Amino acid sequence: MTIPTEQIGSVPRPAALLQGMADHAAGKIGADEFGQLQQQALRETIQRLEETGSPVITDGEQTKPSFLTYPIDGLPGLAAGGVSIPFADGHERQLPVLTTGPFRYQAFAASYLTAARGYASVPVKQAVIAPSALSLLYPAEPIEGYSRDDFLADLADQAERDIRQCLDAGADSVQLDFTDGRLAVKLDPSKGVLEQFIALNNLVLDRFDESDRARIGVHTCPGGDLDSTHSLDVDYAELLPSLFRLHAGRFYLQLASEPDRRRVLSIIRDNLQPDQRVFIGVTDPINPVVETPEQVRDRVLEAAEFIPAGQLGSCDDCGFAPFGDDTSTSREIAFGKITARVQGTALAERG
């Protein structure tokens, strides 16, 4: 059997780029010099990803401010004090809050894809943020002259454009980062927020035809930032049945870090639709120990007990450095885990 394998998105940025980010923010270097550092990091990252044997790569999100904020970086009408996301180790990430409309993306992911394809010799997939995550920008109190419904209509249009531009620019696939899925259950155990998120994401996905949706995937995990998570304590069973109601063709699921993988696999089996492929996580970016190819092989073969071979793939649980200031995982560990995933998946193909 042939088992596709893909990374999720980010890899840790090299030291020179991290220093350049700090220097640029402090006004010590200009945009041209900073841009050169970004392109150097992008070129080197793609080269190293290809050296792992990966059949499909991403840009490693080397030039994104973060997986979440790239569309709103520099957006007028944002203020501090938005939704706060607490992590298990005590640190938080706080979103800004929208103060005025209309809502427009300041950058589209196709620009990152085009740059990556200029260096890559293998297919490139592009990660985009799910519209559900950006819906958290709208404040609890309505914005005068710009209702929540107006905002959601604009958001859906912008998210559609983000995805469509990537498909048109030659992405092998487009992955919606839906890390807010499990978080939604934590924020609202009644699942009202989760249902709103599913409906919004489907509103966008339904604007694409069947062939396009086969190239659109959804990634979910309990967060993975500074070696901590925001919702690993939420039972996966509370999310997965709703997740597979998303009108996408591919699903990338964190699994390596789950304490009871077989239980989760049985839930996946019971909810996976015939036209969907599921990529199960076989490496844990939060765990500093690099998996062996044999461990990966065994995890893939375990998943094959539950999931038909033609619907199975492997991936990493999540990105390795989703925010620019996340240095908790080294580049060497990340590339080691990716290499193990590629090699282990190949071993599983041979049985």
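Across segment 37-60, what is the number of residues that are of a type outside the set (S, T, N, Q), without any contact (Cβ under 8 Å) to a residue 60 or more places away in the chain and more than 30 Å from F251 (Cβ to Cβ)?
So the answer is 2.
Can you confirm whether D209 is out of contact with any helix residue (DSSP H, G or I) (no Cβ under 6 Å at 6 or more places or on another chain), of a type in the set (D, E, K, R) and without any contact (Cβ under 8 Å) to a residue 40 or more places away in the chain?
Spelling it out, D209 is indeed out of contact with any helix residue (DSSP H, G or I) (no Cβ under 6 Å at 6 or more places or on another chain), of a type in the set (D, E, K, R) and without any contact (Cβ under 8 Å) to a residue 40 or more places away in the chain.
Kindly indicate whether any position in segment 256-263 is surrounded by fewer than 20 Cβ atoms within 10 Å (Cβ to Cβ) and in contact with a Cys (Cβ under 9 Å, 6 or more places away or on another chain).
Looking for residues that are surrounded by fewer than 20 Cβ atoms within 10 Å (Cβ to Cβ) and in contact with a Cys (Cβ under 9 Å, 6 or more places away or on another chain), one finds at least one in segment 256-263, hence yes.
Output the qualifying pairs, or none if there are none: Cβ atoms under 6 angstrom, residues six or more apart or on different chains, first residue in segment 126-141 and in contact (Cβ under 8 Å) with a residue 60 or more places away in the chain and farther than 10 Å from V97 by Cα, second residue assigned to a helix (DSSP H, G or I) and of a type in the set (F, W, Y).
S132/F197
Quick check: is even one residue across segment 24-36 free of Cβ contacts under 8 Å to residues at least 24 places away in the same chain, surrounded by fewer than 20 Cβ atoms within 10 Å (Cβ to Cβ) and among the β-branched types (V, I, T)?
Yes, that holds for at least one residue.
So which residues in segment 232-255 are assigned to a loop (DSSP other than H, G, I, E, B), crowded, with 20+ Cβ neighbours inside 10 Å and aliphatic (A, V, I, L, M)?
L232, L239, L246, A248, L255
Would you confirm whether any residue within segment 158-178 is at pLDDT 95 or above, crowded, with 20+ Cβ neighbours inside 10 Å, closer than 30 Å to D89 by Cα and among the hydrophobic types (A, V, I, L, M, F, W, C)?
yes
So how many residues does segment 276-314 have that are among the hydrophobic types (A, V, I, L, M, F, W, C), closer than 25 Å to L246 by Cα and touching a Ser or Thr at 6+ places or on another chain (Cβ under 7 Å)?
Summing the residues that are among the hydrophobic types (A, V, I, L, M, F, W, C), closer than 25 Å to L246 by Cα and touching a Ser or Thr at 6+ places or on another chain (Cβ under 7 Å) in segment 276-314 gives 5.
In the set S266, S314, S257, which member is polar (S, T, N, Q) and within 21 Å of G53 (Cβ to Cβ)?
Only one candidate passes the filter, namely S314.
Report yes if some residue within segment 275-295 is within 30 Å of R93 (Cα to Cα) and basic (K, R); otherwise report no.
no
Looking only at residues that are within 22 Å of D89 (Cα to Cα) and of a type in the set (F, W, Y) in segment 296-327, which one is surrounded by the fewest Cβ atoms within 10 Å (Cβ to Cβ)?
Only one residue fits best here, namely F323.
So in segment 276-294, with the set limited to residues that are of a type in the set (A, V, I, L, M) and touching a strand residue (DSSP E or B) at 6+ places or on another chain (Cβ under 9 Å), which one is surrounded by the fewest Cβ atoms within 10 Å (Cβ to Cβ)?
Top of the filtered list is V290.
The values are calculated or read from the model by the stated rules, or taken from the named source; none is laboratory data. The shown structure was predicted, so the numbers you read here are calculated from the model rather than taken from an experiment. Because the Cβ atoms are built from the backbone with ideal geometry, glycine has one as well, and the counts that use them run over all protein chains shown.
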